[in-house]
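Colleague: One structure is given below, represented as structure tokens, and several questions about it will come after.
The values are calculated or read from the model by the stated rules, or taken from the named source; none is laboratory data. As the structure is a computational prediction, the values presented were derived from the model and not from experiment. Cβ placement follows ideal geometry from the backbone for every residue including glycine, while neighbour counts extend to all protein chains displayed. Remember, those area values only see protein heavy atoms, side chains included, never the ligands or the DNA or RNA. Shrake-Rupley method; radii C 1.70, N 1.55, O 1.52, S 1.80 Å.
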Amino acid sequence: MKKNSFILGGFLIIIAAVMWGIDGVLLTPSYFSKFHFYDVNFIVFIAHAIPSFILSILFTKQYKMLKKFTKNDFIFFSLIALFGGSIGTLSIVKALQLSEFNKFSIVILIQKTQPVFAVFLAFLILKERPSRRFYLIALISLISVYLLTFEFKSPILLPKNNILAAMYSLLAAFSFGSSTVFGKKIVSKFSFLTSTFFRFFFTTIITMFFLLFSGNTEKSLLMFSGNPSLMALSLFIAIFGLSAILIYYNGLKHVTASVSTVCELAFPLTSVIVEAVVLKRFLSPIQFVSAGILIGSILYLNLSNVNSEIKEIDKIENAEI
């Protein structure tokens, strides 16, 4: 891995993360606030079905890759689609809905606790024991999440939706954390185009089943098809999201999952800035401090790996010289 390629990969992931931050605060919430369209299953399905349709037209030959897939390839693509594309996206959109359009950045900040879940998953599945410091950092992160969500108030005294929004955000963190690890397995073997193509393809299939079993398909389809403005918004968000994913997977091919996690912090930072500048909604002092501690905890969990990777790249390049 060349150092320039490493830097370019991180830069591309930051661009994708900034795009996700803009989407999470300004675009996706428009379904609820502007159009009063509340079928989360339908929103997530459309967000993947449209890009999948566009990719199928532009890159039809990608379907031939299915013949080359091994059993593990099908498993990893399915896991990415299930966790990152379906459960993770459904959870974060549901959390945005439950937040009642107030301080979207809090929902997104909580979702970025995914490195904590990634380490726990590595311990449970791969039997990798985290350092003792990890438990302290994990505890600090959880306290930060609590203060970010409830400040110094008791959850019992707050609206039920606040608690549910936080729970969905944590579920999204777990799902996206899993998806990042699975995604690294895929991009190390396939091109970023193939990775993106089948991420949307498999996610469209899974979210279609979620939609069919929700029982609201016909009603949502009638409302959606009868509103040209809603259809235009969906098309724009879908293309915007597709562009972000293409940029992300292209970047992920050049960096490790830990570096990607650090670069993805541009996502919540963008959300906080956009919400403050555009929507004039600000975090309270305690929430601002909690957000800083949370981001600092995530950086601490990953920066040691990033530094070691950069040193390793320097060694390789010096040896080549």
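Colleague: Once the other residues with Cβ under 12 Å from the Cβ of Gln111 are scored (Lys, Arg +1; Asp, Glu -1), what is the net sum? Please list the in-between numbers first.
Modeller: Values: positive: Lys94, Lys112; negative: Glu264.
Net local charge, Gln111 excluded: +1.
Colleague: Going by accessible area, probe 1.4 Å, with all protein chains left in place, what is the ranking of Glu151, Glu218, largest first?
Modeller: Details: Glu151 45, Glu218 140 Å².
From most accessible down to least: Glu218, Glu151.
Colleague: Checking the a/c ratio against 1.5 first, then a/b against b/c, what shape does the Cα gyration tensor give for the stretch 214-289? Let's see the in-between values first.
Modeller: On the way: a/c = 2.47, a/b = 1.37, b/c = 1.81.
Taking the square roots of the gyration eigenvalues as a ≥ b ≥ c, the stretch 214-289 is oblate.
Colleague: Provide the net charge surrounding Phe42, with neighbours chosen by a C-beta distance below 14 Å and charges set as Lys +1, Arg +1, Asp -1, Glu -1. Spell out each step's value before the answer.
Modeller: Working: positive: Lys94, Lys219; negative: Asp39, Glu218.
Its environment carries a net charge of 0.
Colleague: Can you tell me the accessible area per residue over the stretch 38-95, all protein chains present, probe 1.4 angstrom, in square angstrom?
Modeller: Dividing the accessible area of the stretch 38-95 by its residue count gives 47 Å².
Colleague: Further, regarding this structure: Does the stretch 1-58 come out rounded, prolate or oblate, given a ≥ b ≥ c as the square roots of the eigenvalues of its C-alpha gyration tensor, rounded meaning a/c under 1.5 and, failing that, prolate meaning a/b above b/c?
Modeller: On the way: a/c = 4.17, a/b = 1.75, b/c = 2.38.
Oblate is the answer for the stretch 1-58, as a/c is 1.5 or above yet b/c matches or exceeds a/b.
Colleague: Just list whichever of Lys112/Lys153; Lys185/Lys219; Lys253/Lys280; Lys219/Lys280; Lys61/Lys219 have alpha carbons separated by over 28 Å in the model shown.
Modeller: Lys185/Lys219; Lys253/Lys280; Lys219/Lys280; Lys61/Lys219
Colleague: Just the accessible area for Val262, please: 1.4 Å probe, Å², rounded to the nearest 10?
Modeller: 30
Colleague: Quick check: with the 1.4 Å probe, what order do His36, His254 take by accessible area, largest first?
Modeller: Details: His36 110, His254 50 Å².
Sorted descending by solvent-accessible area, the residues read His36, His254.
Colleague: Okay, next question. Take Phe152, project a point 7 Å from its Cα along the Cβ direction, then tell me which residues of the stretch 248-287 have their backbone nitrogen under 13 Å from it.
Modeller: Within reach of a label on Phe152: 285-287.
Colleague: Lys and Arg at +1, Asp and Glu at -1: add these up for the other residues within a Cβ distance under 12 Å of Val93 and post the number.
Modeller: So the environment of Val93 carries a net charge of -1.
Colleague: Assign one of three labels to the stretch 160-210, namely rounded, prolate or oblate, based on the Cα gyration tensor with a ≥ b ≥ c the square roots of its eigenvalues; rounded applies when a/c is under 1.5, prolate when it is not and a/b is larger than b/c, and oblate otherwise. If you can, show how the numbers build up before the last one.
Modeller: On the way: a/c = 4.24, a/b = 1.83, b/c = 2.32.
Oblate is the answer for the stretch 160-210, as a/c is 1.5 or above yet b/c matches or exceeds a/b.
Colleague: Per the 1.4 Å probe, what fraction of the accessible area of the stretch 143-263, in percent, lies on carbon and sulfur atoms? Could the numbers behind the result be given before it?
Modeller: Working: 4130 of 5630 Å².
The value for the stretch 143-263 is 73 percent carbon and sulfur by accessible area.
Colleague: Using R₀ = 30 Å, calculate the FRET efficiency as 1/(1 + (r/R₀)^6) where r is the Cβ-Cβ separation of Leu235 and Phe288; round to 0.05. All intermediate terms of the calculation are to be shown ahead of the outcome.
Modeller: On the way: r = 36 Å, r/R0 = 1.20.
My answer for the efficiency is 0.25.
Colleague: Using alpha-carbon positions, what is the distance between the centroids of the stretch 1-80 and the stretch 209-239, in Å?
Modeller: Centre-to-centre distance over Cα atoms comes out at 18 Å.
Colleague: Ordering Met231, Met65 by how much accessible area each has at a 1.4 Å probe, largest first, what is the list?
Modeller: On the way: Met231 80, Met65 45 Å².
Greatest to least solvent exposure: Met231, Met65.
Colleague: Can you give the accessible area of Phe282 in Å² (nearest 10), computed on protein heavy atoms with a 1.4 Å probe?
Modeller: Solvent-accessible area, nearest 10 Å²: 120 Å².
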